[in-house]
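Working notes, beginning with the structure itself.
The values are calculated or read from the model by the stated rules, or taken from the named source; none is laboratory data. Remember, it's a predicted structure, so these values are computed and weren't measured experimentally. Cβ atoms come from the backbone with ideal geometry, glycine included; neighbour counts cover every protein chain shown. When the accessible area is computed, the model is the full protein with side chains, heavy atoms only, and any ligands, DNA or RNA have been set aside. Shrake-Rupley method; radii C 1.70, N 1.55, O 1.52, S 1.80 Å.
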Amino acid sequence: MEELALYGGPKVKTTPFSTGKRFGEPELEQVRQALEQNTLFYWFGSKVKEFNKKFADMYGVPYCVAASSGTAAIHVALGACGVTEGDEVITSPITDMGSVIGILYQNAVPIFADVDPNTYNITPESIEERITDKTKAILVVHLAGNPADMDAIMEIAKKHNIKVIEDCAQAYLTYYKGRLCGTIGDVGCFSLNDFKHISAGDGGMLIMKDEELYKIAFRFADKNYNRMGKTTEEIRSIEHIAPNYRMSELVGAVGIAQLDRLDFICGTRNRWGEMLSDGIKDLPGVTPHLVREGNKSSYWFYMYRVDPKTLKVDLQTYVDALRAEGLPAQKGYIHAPVYAYGLFQNKTAYLGTHAPFDSHYYGREVSYPKGLCPVAEQVLDEAIKFTFTEFYSEQDMKDIIAIITKVTNYFTKG
């Protein structure tokens, strides 16, 4: 058996991974047009409006609201769905903080449901177990562009009369049984962060089918101003507090051009992700990232699990070996479930208080102990995560498969 590069053997990946340009003349032209408007405010300019329409049309929905980030989009969705102090929102423990910030900003309490061991998405069964009379919404995270079990989740939501918000920050052109994720729940939220499939530096959007929900969301993203009002009094008649999450014309302009790249980006990532899963599926102790039959992932990153007993080596050494061969892998996606973070353990979301956890509107005790979501904890203990891009070549993907194969066989077969 060939010696690992970690121990002085030959390295598998001897050439750099292929790269490409994410931005070019189309973005420059859109920005030029935005600047020539002599305004960069979304209500007076045309670019954000054009971007909203283009994205809504792409997803086959009537309404899209622009926001300043993906995190902002989720907050707007929660506000539009009526989440407020004393409510609970069920979500995933394996996600970015952007998924939970809006819940806390609405003075609601995040409740974490456990995940499927192979898709890493929250399960309907765990959601059902967490529902109480305080549950106002389910925030579904389609992790890494892999769709959650939306039919069962929507059935639960309908049964309990609660809203469903889809966090699609990592899930552009992700399909669940032929339907685009983001169009199945009440609201779909997306991100234009620089580390997503497409980027405008930052930015976000919400899509929906319900007109009344759209009107509320549109106002909530803009300090609750009623821009559609005819008089100053109508425009500035504010009933409830709301943030300023407006998208600028420059972001909208870049977004317009970026949307034209989505088919190529997501199509290529899907091809590479499927190639990876097929290439490592028979390795001892390895469980590829599962995309269920009939679904389609856009693979924002790739994550697979290894069985520690079969591996016969600690996970950090395994990761070090992958890296030595040329694959920049890491342990897990996040270091621990979100509920293990200090703000949940100490209930210190707001400096100097225990709000919203001790709100008299809430009126119950909530805790986030180790073992709350045992499958999620196990996934993060056994997962290997790395990224690839649409610019990678087929040889790059073959090299990644060769690296994982070499390192896994070395440790499992001795």
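Identify, please: which residue in region 226-278 is basic (Lys, Arg) and over 23 Å from Ala66 (Cβ atoms) and is, among those, least open to solvent (accessible area, probe 1.4 Å)?
Looking at the filtered set, the residue picked out is Arg269.
Quick one: would you say Glu325 is surrounded by 14 or more Cβ atoms within 10 Å (Cβ to Cβ), in contact (Cβ under 8 Å) with a residue 40 or more places away in the chain and over 20 Å from the mean Cα position of the chain (by Cα)?
Taking the combined requirement at face value, the residue satisfies it.
What are the pairs with Cβ atoms under 7 angstrom where one residue, in region 183-198, is free of Cβ contacts under 8 Å to residues at least 12 places away in the same chain and the other, located anywhere, is surrounded by fewer than 23 Cβ atoms within 10 Å (Cβ to Cβ) and of a type in the set (Gly, Ala, Ser)? Sequence gap at least six, or different chains.
Matching pairs, first to second residue: Asp194/Gly201.
Picking from Glu390, Glu382, which residue would you name as being out of contact with any Ser or Thr (no Cβ under 7 Å at 6 or more places or on another chain) and not aliphatic (A, V, I, L, M)?
Glu382
So which residues in region 142-174 are open to solvent by less than 10 Å² (accessible area, probe 1.4 Å) and either free of Cβ contacts under 8 Å to residues at least 24 places away in the same chain or of a type in the set (A, V, I, L, M, F, W, C) (or both)?
Listed by number, the residues that qualify are Leu143, Ala144, Ala148, Met150, Ile153, Ala157, Val164, Ile165, Cys168, Ala171.
Filter region 328-345 for residues that are touching a Ser or Thr at 6+ places or on another chain (Cβ under 8 Å) and either assigned to a strand (DSSP E or B) or open to solvent by less than 20 Å² (accessible area, probe 1.4 Å) (or both) and give the result.
Val338 - this is the single residue of region 328-345 that is touching a Ser or Thr at 6+ places or on another chain (Cβ under 8 Å) and either assigned to a strand (DSSP E or B) or open to solvent by less than 20 Å² (accessible area, probe 1.4 Å) (or both).
Quick check on Lys223: is it within 30 Å of Ile156 (Cβ to Cβ), among the basic types (Lys, Arg) and open to solvent by 20 Å² or more (accessible area, probe 1.4 Å)?
no
Show the residue pairs that are 6+ apart or on different chains and have beta-carbon atoms under 6 Å apart, the first residue being within region 352-370 and within 17 Å of Tyr105 (Cβ to Cβ) and open to solvent by 60 Å² or more (accessible area, probe 1.4 Å), the second being modelled with pLDDT of 95 or more and of a type outside the set (D, E, K, R).
Tyr361/Gly86
Condition check ((1) free of Cβ contacts under 8 Å to residues at least 60 places away in the same chain; (2) farther than 25 Å from Arg261 by Cβ; (3) among the hydrophobic types (A, V, I, L, M, F, W, C); (4) open to solvent by 10 Å² or more (accessible area, probe 1.4 Å)) across all residues:
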{"residue": "Gly9", "(1), (2), (3), (4)": "yes, yes, no, yes"}
{"residue": "Gly20", "(1), (2), (3), (4)": "no, no, no, yes"}
{"residue": "Glu25", "(1), (2), (3), (4)": "yes, no, no, yes"}
{"residue": "Ala34", "(1), (2), (3), (4)": "no, no, yes, no"}
{"residue": "Leu40", "(1), (2), (3), (4)": "no, no, yes, yes"}
{"residue": "Trp43", "(1), (2), (3), (4)": "no, yes, yes, yes"}
{"residue": "Gly60", "(1), (2), (3), (4)": "no, no, no, yes"}
{"residue": "Val65", "(1), (2), (3), (4)": "no, no, yes, no"}
{"residue": "Ile74", "(1), (2), (3), (4)": "no, no, yes, no"}
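Name the residues in region 275-310 that are out of contact with any strand residue (DSSP E or B) (no Cβ under 7 Å at 6 or more places or on another chain) and either assigned to a strand (DSSP E or B) or farther than 25 Å from Gln378 by Cβ (or both), would you?
Met275, Gly294, Ser298
When both residues are 6+ apart or on different chains and their Cβ atoms are under 6 Å apart, which pairs have a first residue that lies in region 271-296 and is closer than 15 Å to Ile403 by Cβ and among the hydrophobic types (A, V, I, L, M, F, W, C), and a second that is open to solvent by less than 20 Å² (accessible area, probe 1.4 Å) and in a loop (DSSP other than H, G, I, E, B)?
Note: pairs meeting the criteria are Trp272/Phe388.
Would you mention how many residues in region 234-264 are without any contact (Cβ under 8 Å) to a residue 24 or more places away in the chain and either within 21 Å of the chain's Cα centre (by Cα) or in a loop (DSSP other than H, G, I, E, B) (or both)?
Adding up the residues that qualify gives 6.
When you go through Asp307, Asp314 one by one, which is the residue that is touching a residue at least 24 places away in the same chain (Cβ under 8 Å), loosely packed, with under 15 Cβ neighbours inside 10 Å and touching a helix residue (DSSP H, G or I) at 6+ places or on another chain (Cβ under 9 Å)?
Just one listed residue meets the conditions, Asp307.
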